[in-house]
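> The following block contains the structure, expressed as structure tokens.
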Amino acid sequence: MRTRAAEPVPDHEVNDVTPGADDDITTLTARLTRSTARLVETLREGGPDATVWTPAPGGTPLFWARRMTYETVVHRFDATAAVGGTYTLDTGVALDGLDEWLEFSTLPQAYESQDAHRALLGPGRGVHFHATDAPEGTGEWFIDLSGAPITVSRAHKKAGTAVRGPLTDLLLLLYQRRSPTAADGIEVSGDAALFTAWLEGAGHWLRR
């Protein structure tokens, strides 16, 4: 954002998280506060219409504002869990977080390889998500895996695999902070193996 990069930025310029000898809670808190302020300032300076490189469709600061929102959402959960706190998330943020993740799941470049992407496709294949506590008319998604390109829609459709659970738990499931079990409030019916394969394949971009 700061340099208006038109192509991918070398990883070492943005992902240097080498632990330091002075990484105590006071130092880390100050560093997080400074970096957050710098991000906000950079996004505001760029405005919503600047042209920048993004790894998925978008190409504007809005992509990075949204992406960093969900980086924060997930790691705030990690921090809350680490101290045994109660984690809550705004309904609108959780809904958009699911939209963003599922949009990524339609992109071939999110998968490890073209073969991994194609392996999920087949006639009649699909995954239906249902957030049981979302406002009426907002909490259902259908991921169509019947052929390329993969598509996602906010819709109630019959699918060979159905996943139900509270909205925040579904988002945390996608980010591998919940498991698809009743103990974690998640119910998977139908072809559970397809769901496991889809979650693993579509979530490859998280593990890069």
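Each reported figure results from applying straightforward, stated rules to the coordinates on display, with no laboratory input. The model shown is predicted, which means the values in this text are computed figures rather than measured ones. No Cβ is skipped: glycine too gets one built from the backbone with ideal geometry, and neighbour counts run over all protein chains shown.
> Need one word for the stretch 52-167: rounded, prolate or oblate. Basis is the Cα gyration tensor (sqrt eigenvalues a ≥ b ≥ c); a/c below 1.5 gives rounded, then a/b vs b/c decides.
Values: a/c = 1.85, a/b = 1.25, b/c = 1.48.
Oblate, because a/c is 1.5 or more while a/b does not exceed b/c.
> How far apart, in nm, are the 7 Å Cα→Cβ label points at Ser189 and Asp22?
Rounded to a tenth, the inter-label distance reads 5.8 nm.
> Please give the charge dipole size of the chain, origin at the Cα centre, charges +1 on K and R Cβ atoms and -1 on D and E Cβ atoms. Round to the nearest 20 debye.
That gives the chain a dipole magnitude of about 260 debye.
> At 222 nm, what helix-only mean residue ellipticity would the chain give, in deg cm²/dmol to the nearest 500, using -39500 (n - 2.57) for each DSSP H run of four or more? Can you show the working numbers first?
Working: 7 runs with 86 residues, N = 208.
It lands at -13000 deg cm²/dmol.
> Sort largest first and round to whole Å: the equivalent ellipsoid semi-axes of the chain, each the square root of five times a Cα gyration tensor eigenvalue. It would help to have the intermediate numbers written out before the result.
Values: eigenvalues 192, 95, 56 Å².
Over the Cα atoms of the chain, the semi-axes work out to 31, 22, 17 Å.
> Calculate the spin-label point distance for Arg4 paired with Thr86, positioning each point 7 Å from the Cα along the beta-carbon direction, and give it in nanometres.
Result for the modelled spin labels: 4.8 nm.
> Same structure, new question: Take the alpha carbon gyration tensor of the stretch 1-109, find the square roots of its eigenvalues, order them as a ≥ b ≥ c, and report rounded if a/c is under 1.5; if not, report prolate when a/b exceeds b/c, else oblate. Don't skip to the answer; put the middle values down first.
Working: a/c = 1.78, a/b = 1.19, b/c = 1.50.
Note, shape of the stretch 1-109 comes out oblate.
> Based on the mean of other beta carbon atoms within 10 Å per residue, what is the order of 94-104, 116-126, most packed first? Could you put the intermediate results ahead of the total?
Values: 94-104: 19.6, 116-126: 15.2.
Packing proxy ranking, top to bottom: 94-104, 116-126.
> Here is a further query. Between the stretch 39-76 and the stretch 135-208, what is the C-alpha centre distance in whole Å?
Between the Cα centres of the stretch 39-76 and the stretch 135-208 lies a distance of 25 Å.
> Next question, about the same structure. Return the percentage of antiparallel bridges among DSSP beta bridges fully within the chain, rounded to the nearest 5 %.
Working: 12 of 17 bridges.
Percent antiparallel among DSSP bridges in the chain is about 70.
> Would you mind classifying the stretch 112-208 by shape? Square roots of the alpha carbon gyration tensor eigenvalues, ordered a ≥ b ≥ c; an a/c under 1.5 is rounded, otherwise it is prolate if a/b is larger than b/c and oblate if not. Display every interim value, and only then the final one.
Working: a/c = 1.75, a/b = 1.28, b/c = 1.37.
Oblate shape, in that a/c is at least 1.5 and b/c is the bigger or equal ratio.
> Pop the C-beta distance of Ala65 and Thr33 into the FRET formula with R0 = 25 Å and round what comes out to the nearest 0.05. Could the numbers behind the result be given before it?
Values: r = 18 Å, r/R0 = 0.73.
For Ala65 and Thr33, the calculated efficiency is 0.85.
> Among DSSP bridges having both ends in the stretch 91-207, what percentage is antiparallel? Round to the nearest 5. Don't jump to the answer; show the numbers that get you there.
Values: 12 of 17 bridges.
Bridges in the stretch 91-207 are about 70 percent antiparallel.
> Under the 0.36 nm per residue contour assumption, what length would be gained going from the current alpha-carbon distance of Ser113 and Thr72 to full extension? Walk me through the numbers before you get to the answer.
Working: separation 41, 0.36 × 41 = 14.76 nm, distance 2.78 nm.
Separation in residues times 0.36 nm, less the Cα-Cα distance, equals 12.0 nm.
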